[in-house]
Amino acid sequence: MKPSSLFLIVLTLLSLNFTGTTQNTTLPYTDLYNLDGDCISAKTISNDSLPMILVFWKTTDKKCCENLTMIDEAWNEKLRELGVKMVAICEDCSGETSHVKPYIKGHNIDAEVYIDKNGNLRREMAIPSSPYTILFDHEMNIHCKSVGYCPGGGDLLCEKVI
């Protein structure tokens, strides 16, 4: 993408979709499952004093999948080398999770992926709908959050981090 196009997209998105905040938060003790079925506490997810992107998504929602792919691409191209961590939380798996791992591998998603089987993390964090993206700063303060899919949102995240 040309730098001028990227700049225009970022300016447009800054005025539209992401809301800035400096809300200090920690993730709750809610159980999540990795792609191998192992249980972990959401509380253990962090990035050792570096920014972190948390994306809530559903495999059954096209916009969620597009959002996840777009943010994963931006993360791989620009943010990963800066130490930013990306975590994807799949929230459409009430008990059955066998479809998530093939989806992630088939779409070359390179983020850390967890499954919120019963939607407890979503509820405890008051996530209204998916897709939903949160950018945490190096102290796990919420730097910005976005409800819904926004074309070019990956570029905006890059701008907010860099």
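The values are calculated or read from the model by the stated rules, or taken from the named source; none is laboratory data. Remember, it's a predicted structure, so these values are computed and weren't measured experimentally. All Cβ positions, glycine included, derive from the backbone under ideal geometry; neighbour counts span all protein chains shown. Note: areas computed on protein heavy atoms with side chains; ligands, DNA, RNA excluded. Shrake-Rupley method; radii C 1.70, N 1.55, O 1.52, S 1.80 Å.
Tabulated data for the structure shown
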item: Cα pair distances of segment 89-137 binned at 5 Å [whole percent]; result: 5, 18, 27, 25, 18, 7, 1
item: Of all accessible heavy-atom area on segment 24-80, the percent that carbon and sulfur account for (1.4 Å); result: 45
item: 22 Å Cα-Cα threshold exceeded, pairs from 43/63; 62/101; 78/145; 63/101; result: 43/63
item: Per-peptide average of other Cβ atoms within 10 Å, ordering 41-51, 70-80 highest first; result: 70-80, 41-51
